[in-house]
Amino acid sequence: MQQLDKGSHALAEWKPEDVGFWEGTGKQVANRNLLVSVPALTLAFIVWQMWSVAAVQLNSIGFSFTQGQLFTLAALPGLVGASLRFFYTFANSIFGGRNWTIFSTSILLLPLLGIAYAVQNVNTPYWVFMILAALCGLGGGNFSSSNANIGAFYPKAKKGTALGINGGIGNLGVSLVQLITPLVITTSIFGFIGGNALVTETGQQIWLQNAALLWVVPTIILTVCAYLFMDNLPTARQSIREQASVFKDKHFWIQTLLYTAAFGSFIGYAAAFPMILKLKFPESDLLALAFLGAFLGASSRPFGGWISDKVGAAKVTLVVFGVMALGTMSVILAITNDNLTMFFISFVVLFIATGLNSGATFAMIPHVFVATKTPAVVGFSAAFAAYGAFFIPKMFGWSLELVGSFNGALFVMLGLYAISIVTTIYYYLRNGAEKPIR
């Protein structure tokens, strides 16, 4: 039975690779921590992506921001969140996984309450919204600390599934906020506590503050759950220098490339897809289903980790990168031929593939690095990949400006997938590979 300091929730020992320890008590403790981590990470993604749907409503209720300013509000959380992930990777080692989850979840109340207040006053200056958008980036940082923490709880053979569940369900926050926000702002669900209705330019009453207020109570509940039910691991406590040493390892950069091609594609496409669909097919009725891509992509991630644990992470990674390449070519063909049905279906397939590959590439990491290095690699690679939330939408915009089509950006992504395929074969699957992975 593992020893637990009841005052600090600090486990005195943790030996997940010991079968007796794992089956006796380890599995129960790990699953309990995972059960809290998953909804906490989902909430973090909701806050991180909130401006992708809230910003478009501001001018309709009396604000007068330019399109460039509105796009900045949507992009700023991605930039800040990706940057914060580097620090968040160290956070578990400094403060403990449980302690950091309590803090990183509770601090999300700042942007939530701030947004709920700011949108109700049309005289709120733009710089205030920029600060609030930056604070939403706190949610983006949570992915690195959350996955690094959960990965350390599980034995190597189970890490792929655990990280797939944590990251995959967590990613559902992207589609959840895009689906729920347009619904909750149409009614006064909080009564007088939620404030007065805001009148749009067409005379419709909306409660934009609900987009933030809806998540205040869940944030409080999850903070309390983290306090009561999560634990700090002794094996997660390494010095910053020890963790940063992974930067010297060639395979860290290889794994970062692969994960950026996978998860970076998912989060970048999730941010850009609704706008691409609206601009390319402005009369389409499918815009209401734009959230579907992110939903299916996030839902498929746990299966990517699970399948990788069963048949081999490198094999799954290779196959799914091939599907991503084919899906990208299909999207290019659909855009060229103005085929809406083919475009939508191809992009949905592409989303599913990015989700599967996000789970599969993460499942490779424990097979490439020793257990003490895995949390740092998971955290840092996730930090680099998160910049996809900023750069991929920007790339689609640049492509439209420079060549008059989204295909320029898609050809760049196709090249990235081709490089990833060659890299996976050369370093992990060919005969004589440096780090052969089954």
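Taken together, Asn92, Asn171 contain a single residue that is of a type outside the set (A, V, I, L, M, F, W, C), out of contact with any strand residue (DSSP E or B) (no Cβ under 9 Å at 6 or more places or on another chain) and in a helix (DSSP H, G or I), which is Asn171. Annotation note: of Ile276, Ile267, the sole residue that is of a type in the set (Val, Ile, Thr), touching a Gly at 6+ places or on another chain (Cβ under 8 Å) and in a helix (DSSP H, G or I) is Ile267. Candidates Ile189, Ile131: the one that is surrounded by fewer than 24 Cβ atoms within 10 Å (Cβ to Cβ), in a loop (DSSP other than H, G, I, E, B) and not assigned by the TED database to the domain that holds Ser358 is Ile189. For Phe45, the test of being among the aromatic types (Phe, Trp, Tyr), buried (at least 19 other Cβ atoms within 10 Å of the Cβ) and modelled with pLDDT under 85 is failed. Each residue in the stretch 338-352 was checked for being touching a residue at least 60 places away in the same chain (Cβ under 8 Å) and open to solvent by 10 Å² or more (accessible area, probe 1.4 Å), and 1 pass. I'd like the full set of residues that are among the β-branched types (Val, Ile, Thr) and either over 16 Å from Pro39 (Cα atoms) or in a helix (DSSP H, G or I) (or both), limited to the stretch 95-120. Selection gives Thr101, Ile102, Thr105, Ile115, Val119.
Say whether the condition of being buried (at least 19 other Cβ atoms within 10 Å of the Cβ), in the same structural domain as Tyr259 (by the TED database) and either under 22 Å from the mean Cα position of the chain (by Cα) or outside any helix (DSSP H, G or I) (or both) is met by at least one residue in the stretch 326-337. Checking the stretch 326-337: at least one residue is buried (at least 19 other Cβ atoms within 10 Å of the Cβ), in the same structural domain as Tyr259 (by the TED database) and either under 22 Å from the mean Cα position of the chain (by Cα) or outside any helix (DSSP H, G or I) (or both). The set of residues from the stretch 404-420 being open to solvent by less than 40 Å² (accessible area, probe 1.4 Å) and either part of a loop (DSSP other than H, G, I, E, B) or in contact (Cβ under 8 Å) with a residue 60 or more places away in the chain (or both) comprises Ser405, Phe406, Asn407, Leu410, Met413, Leu414, Tyr417, Ser420. When you look at Phe369, is it among the hydrophobic types (A, V, I, L, M, F, W, C), in contact (Cβ under 8 Å) with a residue 60 or more places away in the chain, buried (at least 17 other Cβ atoms within 10 Å of the Cβ) and over 21 Å from Gly140 (Cβ atoms), yes or no? Spelling it out, Phe369 is indeed among the hydrophobic types (A, V, I, L, M, F, W, C), in contact (Cβ under 8 Å) with a residue 60 or more places away in the chain, buried (at least 17 other Cβ atoms within 10 Å of the Cβ) and over 21 Å from Gly140 (Cβ atoms). Ser64 meets all of the listed conditions (1) free of Cβ contacts under 8 Å to residues at least 40 places away in the same chain; (2) assigned to a helix (DSSP H, G or I); (3) exposed (fewer than 15 other Cβ atoms within 10 Å of the Cβ); (4) not charged (D, E, K, R) but one, namely (2).
The values are calculated or read from the model by the stated rules, or taken from the named source; none is laboratory data. Just so you know, these numbers come straight off a predicted model, no measurement behind them. Positions of Cβ are backbone-derived with ideal geometry, glycine not excepted, and every protein chain shown enters the neighbour counts. Accessible surface is based on the protein model in full, side chains and every heavy atom, while ligands, DNA and RNA are left aside. Shrake-Rupley method; radii C 1.70, N 1.55, O 1.52, S 1.80 Å.
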